Amino acid sequence: MFKKIVLAGGTGFIGQYLERTYTNQGYIVHIISRQPGQISWDDNKAMVDALENAEMVINLAGKSVNCRYNEKNKREIFESRTKTTEALGKAIQKCQNPPRLWINSSTATIYRHAEDRPMTESIGELGSGFSVDVGKAWEDAFFRFQLPKTRQVALRLAIVLGADGGVMEPYVNLVRFGLGGKQGEGKQMFSWVHIEDVYRIIEFLKNRKDLKGIFNASSPNPVTNKELMDHMRKAMGRSAGMPAPSWMLKMGAVFIGTETELILKSRWVLPERLEKSGFRFQYEGLDRALGQIMEEQKQEQ
């Protein structure tokens, strides 16, 4: 019998990686998105048909947060996560043989700004503000569904690193143009996870049928922003870089149409549940992760 996986919102950096990986393994991969040629979010019948007899569905849908938080963008960020999650849940409810596992993206930004101690699933404190409100509403929309045949997992993703996308390009450019010093005070924590470990986490959860609920998807070794930039310069063979104070970042964020929260919020997140369940990261340390990414980028040039 054919193997089938559904990627909802599967046209971004993570989705494209997962599509390639699962296609290479012989899976039929259906993608739900707003792009032409894919299953439309407005086509409920096609969504149900795709979900029927699927091994799992992974929902990655959501407008990028790399933008200014004006009212229009805030509404689109919020609705692109909650409404797609609700649409998926309703489609799963209509299946005779629904996916056995539904993994829904969430965000490690749901935790508060933390420089004092790490946040885990058991003792983490949720924060406040727009990004946190989005994360809470996203998870509420997901866990509102009671699906007896479908196991539900919310992945609180840290910043995902990989050669073909994610946040790497801005940091690479900063180092390349001599601006590879710390951003702000440099004390804010940078929680990250390699794209390959995201895939391995998904596979781990697929095979562990006893696991459900919320999981932090983040390397067990987060670093400070200063350490991140030190690692970046080392990986790129640069000995020094100018720092960027907070006031400069705020001005620059307006100019390039983004928010300083993406750089200045301290995300100190640990994958307590994954490690206690026996998962082992392939890329535990940032040096190894960046080395692999830089090597892959060289090969693609």
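The values are calculated or read from the model by the stated rules, or taken from the named source; none is laboratory data. Remember, predicted model here, so these are calculated numbers, not experimental data. Positions of Cβ are backbone-derived with ideal geometry, glycine not excepted, and every protein chain shown enters the neighbour counts.
Considering only segment 234-273, state which residues are among the hydroxyl-bearing types (Ser, Thr, Tyr), modelled with pLDDT under 85 and within 24 Å of the chain's Cα centre (by Cα).
The answer is THR258, THR260.
From the list LEU51, LEU60, pick out the single residue that is in contact with a Gly (Cβ under 8 Å, 6 or more places away or on another chain), among the aliphatic types (A, V, I, L, M) and crowded, with 19+ Cβ neighbours inside 10 Å.
Unique residue meeting the criteria: LEU60.
Would you check which residues across segment 173-196 are at pLDDT below 90, hydrophobic (A, V, I, L, M, F, W, C) and in contact with a strand residue (DSSP E or B) (Cβ under 7 Å, 6 or more places away or on another chain) and list them?
Passing the criteria: only LEU179.
Report, by residue number, each residue of segment 1-38 that is surrounded by fewer than 19 Cβ atoms within 10 Å (Cβ to Cβ) and of a type in the set (Val, Ile, Thr).
Within segment 1-38, THR11, THR21, THR23, ILE28 qualify.
Scan segment 293-300 and give yes if some residue there is without any contact (Cβ under 8 Å) to a residue 24 or more places away in the chain, within 20 Å of GLY180 (Cβ to Cβ) and among the basic types (Lys, Arg), otherwise no.
Taking every residue of segment 293-300 in turn, at least one turns out to be without any contact (Cβ under 8 Å) to a residue 24 or more places away in the chain, within 20 Å of GLY180 (Cβ to Cβ) and among the basic types (Lys, Arg).
Can you tell me how many residues in segment 228-255 are in contact with a helix residue (DSSP H, G or I) (Cβ under 9 Å, 6 or more places away or on another chain) and β-branched (Val, Ile, Thr)?
Qualifying residue count, segment 228-255: 0.
Just give me the residues in segment 158-197 being aromatic (Phe, Trp, Tyr) and in contact (Cβ under 8 Å) with a residue 12 or more places away in the chain, in sequence order.
Those that are aromatic (Phe, Trp, Tyr) and in contact (Cβ under 8 Å) with a residue 12 or more places away in the chain: TYR171, PHE190, TRP192.
Only residues in segment 133-155 that are more than 23 Å from PRO271 (Cβ to Cβ) count as the first member; pair them with residues that are outside any helix (DSSP H, G or I) and of a type in the set (A, V, I, L, M), Cβ under 8 angstrom, at least 6 apart or cross-chain, and list the lot.
THR150/LEU101
In segment 256-282, which residues are of a type in the set (D, E, K, R) and surrounded by 14 or more Cβ atoms within 10 Å (Cβ to Cβ)?
GLU259, GLU261, LYS265, ARG267, GLU272, ARG273, GLU275
Just give me the residues in segment 232-262 being assigned to a helix (DSSP H, G or I), touching a Leu at 6+ places or on another chain (Cβ under 6 Å) and under 21 Å from PHE130 (Cα atoms), in sequence order.
The answer is none; no residue qualifies.
Kindly indicate whether any position in segment 241-255 is buried (at least 18 other Cβ atoms within 10 Å of the Cβ) and of a type in the set (Val, Ile, Thr).
Scanning segment 241-255, I find no residue that is buried (at least 18 other Cβ atoms within 10 Å of the Cβ) and of a type in the set (Val, Ile, Thr), so the answer is no.
Tell me yes or no: at least one residue of segment 192-210 is part of a loop (DSSP other than H, G, I, E, B) and touching a helix residue (DSSP H, G or I) at 6+ places or on another chain (Cβ under 6 Å).
Checking segment 192-210: not a single residue is part of a loop (DSSP other than H, G, I, E, B) and touching a helix residue (DSSP H, G or I) at 6+ places or on another chain (Cβ under 6 Å).
Any residue that is in contact (Cβ under 8 Å) with a residue 60 or more places away in the chain, touching a Lys or Arg at 6+ places or on another chain (Cβ under 6 Å), closer than 23 Å to ILE110 by Cβ and not aliphatic (A, V, I, L, M) - is there at least one of those in segment 198-213?
yes
Name the one entry in LEU51, LEU60, LEU88 that is of a type outside the set (Asp, Glu) and farther than 22 Å from THR21 by Cα.
Unique residue meeting the criteria: LEU88.
Tell me yes or no: at least one residue of segment 237-259 is under 26 Å from GLY15 (Cβ atoms), touching a strand residue (DSSP E or B) at 6+ places or on another chain (Cβ under 7 Å) and not charged (D, E, K, R).
no
Can you tell me which residues in segment 130-172 are touching a Leu at 6+ places or on another chain (Cβ under 8 Å), modelled with pLDDT under 95 and part of a helix (DSSP H, G or I)?
MET168, TYR171
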